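Below: one structure, written as structure tokens.
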Amino acid sequence: MRKFLFYALLLLPVLFAGCAPKIKLFPDAAEPLRQFVISGSAKEKVLIIPVSGVISDKPQKSLFGKPSMVQEIVSQLRLAESDREVKAVLLKINTPGGTVTASDIIYHELMNYKMKSGAKIVVAMMDVATSGGYYISLPADVIFAHPTTITGSVGVIFLIPKIDGLLSKIGVNVDVRKSGRNKDMASPFRPATEEERRILQDLTDQLGNRFAGLVKTHRKISPEEIKRITSAEVYLARDAKAIGLIDEVGYLDQALSRAKQLAGLPKDARVVVYRRTEYANDNMYNPVTSQPGRLDISLVDLNLPPALSSLDIGFYYLWLPASSSN
């Protein structure tokens, strides 16, 4: 009963919109990004773009939907490209990675932005910048990592949730008719054949080799260290620097200073962000562009970690243990 009254109250402004002032319950879902100045007063600008959460091109969960991470980052790059005063971008990365294609799109868009704008890009890694989080760091001119950052996990993982054991226990079966023997390859409803395992492993290896190839292109790392890196090991910042995955161990303000230096900007260059909402006492550690505006409604809650309940079958540049906290 209480839930019914709550939702009824939410709908009242909609029902009486014609005879009452317009009320925005969720003002951020569709509003355009606006520039906010965090600090500085000079003409030139450094743009901070936060990358937080699992990398995906799916809309983020909210009552009315929010842009996907890919859409949000690309929108900010487009705005920066149209502003000649933006001379440097600081990517503040805190992600375990995500889908292969979403990670590759962000990498591609960053490379295009650098080519078209001539701006410098500096990455500042926060808690975690693994797998796809490292993949999208590769276009940077300089990569910083916080002293406690975990990075690496250079590799790809193919996830197949399996429920055939559960179905057999409850006496449920799935009848399939197919035109080719591999048409239902990676089906969650039955065990994989040896041929399917070979095919899927080959696809996984090809995507892993693509990742390793980009690391070789962007980073000066010896063949011996490349072999170690592509074991998908994770590293603390100090070790990541020792093998060449990153350039500097430092804090966000140091990464910001380096961005200004690389772009030849004065110390009082404006530090700007693109958001939909103005925040009191805003600063460069704020990771969001919009107020959450979330109202998650679940009829069945299995209390699974987010990594297991939200990831589809597919290929991921993802460090899976860290994704359960996003």
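Worth pointing out:
- Condition broken by V156, with the remaining ones in (1) of a type in the set (A, V, I, L, M, F, W, C); (2) over 32 Å from the mean Cα position of the chain (by Cα); (3) closer than 24 Å to G98 by Cα satisfied: (2)
- Members of region 156-179 that are outside any loop (DSSP other than H, G, I, E, B) and in contact with a strand residue (DSSP E or B) (Cβ under 8 Å, 6 or more places away or on another chain): I157, F158, L159
- Test: residue in region 76-92 that is within 20 Å of R210 (Cβ to Cβ) and without any contact (Cβ under 8 Å) to a residue 60 or more places away in the chain: no
- Residue match in region 75-82 (condition: modelled with pLDDT of 95 or more, charged (D, E, K, R) and crowded, with 17+ Cβ neighbours inside 10 Å): no
- Matching residues in region 227-260 - criterion: being within 23 Å of the chain's Cα centre (by Cα) and small (G, A, S): S231, A232, A237, A240, G244, G250, A255, A259
- Leading residue by the ranking (nearest to P139 (Cα to Cα)) among those in region 262-280 that are surrounded by fewer than 16 Cβ atoms within 10 Å (Cβ to Cβ) and among the charged types (D, E, K, R): K267
- The number of residues in region 233-261 being aliphatic (A, V, I, L, M), touching a residue at least 12 places away in the same chain (Cβ under 8 Å) and surrounded by fewer than 18 Cβ atoms within 10 Å (Cβ to Cβ) comes to 1.
- Selection count, region 99-155, where residues are in contact with a Gly (Cβ under 6 Å, 6 or more places away or on another chain) and not in a helix (DSSP H, G or I): 4
- Filter result for E224 (surrounded by fewer than 15 Cβ atoms within 10 Å (Cβ to Cβ), within 22 Å of the chain's Cα centre (by Cα) and not β-branched (V, I, T)): no
- Number of the condition not met by G65 [criteria: (1) at pLDDT 95 or above; (2) on the phi > 0 side of the Ramachandran plot]: (1)
- When restricted to residues that are of a type in the set (S, T, N, Q), surrounded by 15 or more Cβ atoms within 10 Å (Cβ to Cβ) and touching an Asp or Glu at 6+ places or on another chain (Cβ under 9 Å), region 127-149 contains 1.
Okay, residues lined up against (1) surrounded by 14 or more Cβ atoms within 10 Å (Cβ to Cβ); (2) not aliphatic (A, V, I, L, M):
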{"site": "T101", "(1), (2)": "yes, yes"}
{"site": "I105", "(1), (2)": "yes, no"}
{"site": "N112", "(1), (2)": "yes, yes"}
{"site": "S117", "(1), (2)": "yes, yes"}
{"site": "M125", "(1), (2)": "yes, no"}
{"site": "T151", "(1), (2)": "yes, yes"}
{"site": "I170", "(1), (2)": "no, no"}
{"site": "D184", "(1), (2)": "yes, yes"}
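- Of all residue pairs spaced 6 or more apart or on separate chains, those with beta-carbon atoms under 7 Å, a first member in region 315-326 that is surrounded by fewer than 24 Cβ atoms within 10 Å (Cβ to Cβ) and modelled with pLDDT of 70 or more and a second member that is in a strand (DSSP E or B) and not charged (D, E, K, R) are F315/F158; L320/I157.
- Any chance G165 is exposed (fewer than 15 other Cβ atoms within 10 Å of the Cβ), on the phi > 0 side of the Ramachandran plot and not β-branched (V, I, T): no
- Selection status of D184, assigned to a loop (DSSP other than H, G, I, E, B) and among the acidic types (D, E): yes
The values are calculated or read from the model by the stated rules, or taken from the named source; none is laboratory data. Because the structure is a prediction, the values reported are computed rather than measured. With ideal geometry, Cβ positions are generated from the backbone for all residues, glycine too; neighbour counts draw on all protein chains shown.
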